[in-house]
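Q: Before anything else, here's the structure in question.
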Amino acid sequence: MKIHEADAKSLLVAQGLPVPPWTVATTPAEARTAAGAYLADPAGSGKVVIKAQVLVGGRGKAGGVKLAGSADEAERVAADILALTIKGLPVRKVLVGPAADIVKEYYLSIVLDRGARKLLFIGSAEGGVEIEQTAEANPDAITYLHADPLLGVPDHRARRLAFAIGFGAHWKAAAAIAKGLYRTMLAYDADLVEINPLAVIRTRAADGTATEQLVCLDAKITLDDSGLVRHPELESLRDLDAEDPTDLAAREHEIAFIKLDGDIGCMVNGAGLAMTTMDLVKRAGGEPANFLDIGGGAKADKVSAAMRLILHEPNVKAILVNIFGGITRGDEVARGLIEARAQQERDVPMVVRIVGTNATEAAALLREASFETAHSLDEAAAKAVAAARGTAA
Amino acid sequence: MSILIDRSSRVVVHGLTGREGSFHGAAMKAYGTQVVAGLTPGKGGQTALDGTVPVFDTVVDAIRETGADTSCIFVPAAGAPDSILEAVDAGIRTIFCITEGIPALDMIPVVEAVRRAGATLIGPNCPGATTPGQAKVGIIPGSIHREGRVGVVSRSGTLTYEAVQAMTDAGVGQSTCVGIGGDPVIGTPFLDILQRFAADPETEALILIGEIGGAAEEEAAAWAAEHLRDIPKAAFIAGRTAPEGKRMGHAGAIISGGRGTATSKVEALEAAGFRVAGSPTELPGLLREAGYRG
């Protein structure tokens, strides 16, 4: 699950990481008030930054990040940004904060390294640009270091990371931040915590003396869905705009569902087999309308729910059901299909293939209810494609 | 021979008195597996599977009383990592964790502890393994198998059944079938299983079933290119049509930043001499084309 920058910053603060102040505003008036307060600080830079809170990359390029020098201007800029739709997502919130006087930008993240089965720090003295860009243009500018799988990040390893990236005089702060990112990762079951930029900023005291400080200017956190069950408080950070309405229904029924662009709805048990079914639909000349895994041991009610999810898409012209029973019992699925078809409002041709556990019972039920069936997966795909085109296979 | 399990394996089922554990424990036993013990803390002294299998409070007890050497874990996600550690601590050598939904970060220290103990963990979120005609551990339906000499390794569950059924229908039997699991952090990747098959005199051909996400298929292919040149090999990769940035059910199945694509996996496997199928039903035919005569 992805969360907004402002929420990510709250999690970092809770773990003791240095983040400059910010305020979340949902109206231009709120943005004006917040900006006024930051601009009144005599030690401030005289500007505020206003950033759209949307879960897509490239906010800046889309006009979602702007500076303002007065409360009036902040209100206007916030109104403009709140009116934006960026890559299909409406901007409902902006983050308002003092514009930083940036001395140098770094990149630092921690991510799950699946191959090594460890957590991996990725750091660079070339911050402020996407790390993928740095990886391509200047791979030597990136430092990689694993956390220890049992000990985590002992001080010496954090120091080694800080020196290797080149934080210079700020190495102590950098090492502490690295340890904080690791802590954040564990505290919330994240699979990525990314600070870009991690910046050295200059602040001036009332007497004009400048000090430098290393702070998290931006923050990106994605959470491991399997960990959410033990962090129910994080569920409220979910951005429903970033989801399809069907996602919610799918989650409720514990169905893995992803909407695609084609016209052949697929219902399958098991993720690998569901992907394979999509691949074979495509190979037979069709286009899958979705990825759908009903999981193991699905009963009739889950099958009905899955059918509703598929038919929610008006462009679905045919449905392919592919079940290889192991834990899942074929006759349960067949009953669910019969029940779902009786309830459904739209008559869409369906091709059903059920093999494995209780396939014989399933076949009898389907035959009695006059379902179109198929023996092999390749045959089922071909029949579904033909049905979507309105031709015989 | 075979790999991981055979008729001599003595299996303790963690969670044998639960719904999944009792159903699949019974199926394992019916297949011929030596299910020697169950594990449910607080139910030590009872029996399960119609009074035929003793239940213990701890794995240490189970080993002492029954000589168990293999664990099969059906414990829910919240307790499964600890269950793996308990097996390792007690000295179990081969551990299958069927449980799905374990947070990835929980598995990092567990996998390391298994590695340090020199034990083997298959999974989590895996269907288990079958050595046809001898034993099965986990949830793979026993009926799809046929005894033979082809080693099968897969990241999926039902897709594995599909492929194995196609092999059996075509008369191509299996030495051992292993599902390694679809999670981002698993105990035993493809590469380790290929190495075990390579060392097994009764495995004469290989089938690898992968899916998008990660780089485990590529790593296995690179090793196979050097060490498994001469044996017939076929593969299938699921998710050729999956869009980038969408997680396809398995926590591991995602293409991100251009990594983990089906194309990269197919190319690596073909370069290593695997015949890559467009459908799982083509796998037995491709093995025969590659010279397999079993």
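Q: Which residue out of B:Glu244, B:Glu267 is free of Cβ contacts under 8 Å to residues at least 60 places away in the same chain, in a loop (DSSP other than H, G, I, E, B) and either assigned by TED's automatic domain parsing to the domain that holds B:Ala198 or β-branched (Val, Ile, Thr) (or both)?
A: Just a single option satisfies the conditions, and that option is B:Glu244.
Q: Got a sec? Which of B:Gly210, B:Gly187 is within 10 Å of chain A (Cβ to nearest Cβ), in contact with a helix residue (DSSP H, G or I) (Cβ under 9 Å, 6 or more places away or on another chain), outside any strand (DSSP E or B) and buried (at least 24 other Cβ atoms within 10 Å of the Cβ)?
A: The match here is B:Gly187.
Q: Kindly provide the set of residues from the range B:67-116 that are free of Cβ contacts under 8 Å to residues at least 12 places away in the same chain and under 21 Å from B:Ile3 (Cβ atoms), ordered by number.
A: B:Arg115
Q: Name the residue that is farthest from the other protein chains (Cβ to nearest Cβ), counting only residues in the range B:90-104 that are over 10 Å from B:Gly123 (Cα atoms) and touching a helix residue (DSSP H, G or I) at 6+ places or on another chain (Cβ under 6 Å).
A: The residue in question is B:Ala90.
Q: Please work out if A:Gly285 is within 28 Å of A:Glu252 (Cα to Cα), in a loop (DSSP other than H, G, I, E, B) and assigned by TED's automatic domain parsing to the domain that holds A:Asp261.
A: So A:Gly285 fails the test.
Q: Also, quick follow-up: Which residues, taken from the range B:131-157, are within 14 Å of B:Ala30 (Cα to Cα), touching a Phe, Trp or Tyr at 6+ places or on another chain (Cβ under 8 Å) and within 13 Å of chain A (Cβ to nearest Cβ)?
A: Of everything in the range B:131-157, those that are within 14 Å of B:Ala30 (Cα to Cα), touching a Phe, Trp or Tyr at 6+ places or on another chain (Cβ under 8 Å) and within 13 Å of chain A (Cβ to nearest Cβ) turn out to be B:Lys136, B:Gly138, B:Ile140, B:Pro141, B:Gly142.
Q: Can I ask one more? Here are some residues: A:Ala176, A:Ala210. Which one is among the hydrophobic types (A, V, I, L, M, F, W, C), more than 24 Å from the chain's Cα centre (by Cα), modelled with pLDDT under 95 and under 23 Å from A:Ala100 (Cβ atoms)?
A: It is A:Ala210.
Q: Right, next: Restricting to the range B:24-61, name every residue that is part of a loop (DSSP other than H, G, I, E, B), in contact with a Gly (Cβ under 7 Å, 6 or more places away or on another chain) and among the acidic types (Asp, Glu).
A: Listed by number, the list holds a single entry, B:Asp57.
Q: Might you check whether a residue that is modelled with pLDDT of 90 or more and either over 16 Å from the mean Cα position of the chain (by Cα) or of a type in the set (Lys, Arg) (or both) occurs anywhere in the range A:242-250?
A: no
Q: So, A:Gly336, is that one under 21 Å from A:Lys299 (Cβ atoms), within 14 Å of chain B (Cβ to nearest Cβ) and surrounded by 19 or more Cβ atoms within 10 Å (Cβ to Cβ) or not?
A: For A:Gly336, the condition - under 21 Å from A:Lys299 (Cβ atoms), within 14 Å of chain B (Cβ to nearest Cβ) and surrounded by 19 or more Cβ atoms within 10 Å (Cβ to Cβ) - is not met.
Q: Can I ask one more? (1) in contact (Cβ under 8 Å) with a residue 60 or more places away in the chain; (2) crowded, with 20+ Cβ neighbours inside 10 Å; (3) not in a helix (DSSP H, G or I): which one isn't true of A:Leu192, the others all being true?
A: Only one criterion is unmet by A:Leu192, namely (2).
Q: Sticking with this structure for a sec: Does A:Met307 satisfy the criteria of being within 14 Å of another protein chain (Cβ to nearest Cβ) and crowded, with 23+ Cβ neighbours inside 10 Å?
A: For A:Met307, the condition - within 14 Å of another protein chain (Cβ to nearest Cβ) and crowded, with 23+ Cβ neighbours inside 10 Å - is not met.
Q: Would you call A:Lys299 free of Cβ contacts under 8 Å to residues at least 24 places away in the same chain and out of contact with any Gly (no Cβ under 6 Å at 6 or more places or on another chain)?
A: No: the conditions fail for A:Lys299.
Q: Of the residues that make up the range B:38-47, is at least one surrounded by 15 or more Cβ atoms within 10 Å (Cβ to Cβ) and free of Cβ contacts under 8 Å to residues at least 24 places away in the same chain?
A: Scanning the range B:38-47, I find at least one residue that is surrounded by 15 or more Cβ atoms within 10 Å (Cβ to Cβ) and free of Cβ contacts under 8 Å to residues at least 24 places away in the same chain, so the answer is yes.
Q: In this structure, is A:Asp191 touching an Asp or Glu at 6+ places or on another chain (Cβ under 7 Å), under 19 Å from B:Lys246 (Cα atoms) and either away from every other protein chain (no Cβ under 12 Å) or of a type outside the set (Gly, Ala, Ser) (or both)?
A: Judged against the criteria, A:Asp191 is a match.
Q: Let me ask something else. Pick from A:Leu145, A:Leu150, A:Leu120: which is more than 14 Å from chain B (Cβ to nearest Cβ), of a type outside the set (Val, Ile, Thr) and at negative phi?
A: A:Leu145
Q: Before we move on, is B:Ser143 surrounded by 24 or more Cβ atoms within 10 Å (Cβ to Cβ), of a type outside the set (A, V, I, L, M) and at pLDDT below 95?
A: no
Q: Hey, among A:Arg157, A:Arg183, which residue is more than 14 Å from chain B (Cβ to nearest Cβ), at pLDDT 95 or above and on the phi < 0 side of the Ramachandran plot?
A: A:Arg157
Q: Continuing with this model, one more query. Here are B:Ala198, B:Ala253, B:Ala234: which of them is away from chain A (no Cβ under 14 Å) and surrounded by 24 or more Cβ atoms within 10 Å (Cβ to Cβ)?
A: B:Ala234
Q: Determine whether A:Gly63 is modelled with pLDDT under 95 and surrounded by fewer than 18 Cβ atoms within 10 Å (Cβ to Cβ).
A: yes
Q: With the structure loaded, tell me whether A:Glu136 is farther than 16 Å from A:Thr184 by Cα, assigned to a helix (DSSP H, G or I) and within 9 Å of chain B (Cβ to nearest Cβ) or whether it fails that test.
A: Taking the combined requirement at face value, the residue does not satisfy it.
Q: Would you please list the contacts, defined by Cβ atoms under 8 Å and residues six or more apart or on different chains, that run from a residue in the range A:227-242 that is under 25 Å from A:Lys87 (Cα atoms) to a residue that is part of a helix (DSSP H, G or I)?
A: Pairs that qualify, where the first residue is under 25 Å from A:Lys87 (Cα atoms) and the partner is part of a helix (DSSP H, G or I), are A:Leu234/A:Tyr188; A:Leu234/A:Leu228; A:Glu235/A:Leu228; A:Leu237/A:Asp7; A:Leu240/A:Leu248.
Q: In the range A:348-378, what count of residues is obtained for those that are more than 11 Å from chain B (Cβ to nearest Cβ) and either buried (at least 22 other Cβ atoms within 10 Å of the Cβ) or among the hydrophobic types (A, V, I, L, M, F, W, C) (or both)?
A: Total meeting the criteria: 13.
Q: If you check A:Glu313 against the conditions, is it away from chain B (no Cβ under 14 Å), among the acidic types (Asp, Glu) and in contact with a helix residue (DSSP H, G or I) (Cβ under 9 Å, 6 or more places away or on another chain)?
A: Taking the combined requirement at face value, the residue satisfies it.
Q: Filtering the range A:255-297 down to residues that are at the interface with chain B (Cβ under 10 Å from one of its Cβ atoms), farther than 16 Å from B:Gly182 by Cα and of a type in the set (Asp, Glu), which residue is surrounded by the most Cβ atoms within 10 Å (Cβ to Cβ)?
A: A:Asp279
The values are calculated or read from the model by the stated rules, or taken from the named source; none is laboratory data. Just so it is clear, the structure is predicted and the values come from calculations on it, not from any experiment. Because the Cβ atoms are built from the backbone with ideal geometry, glycine has one as well, and the counts that use them run over all protein chains shown.
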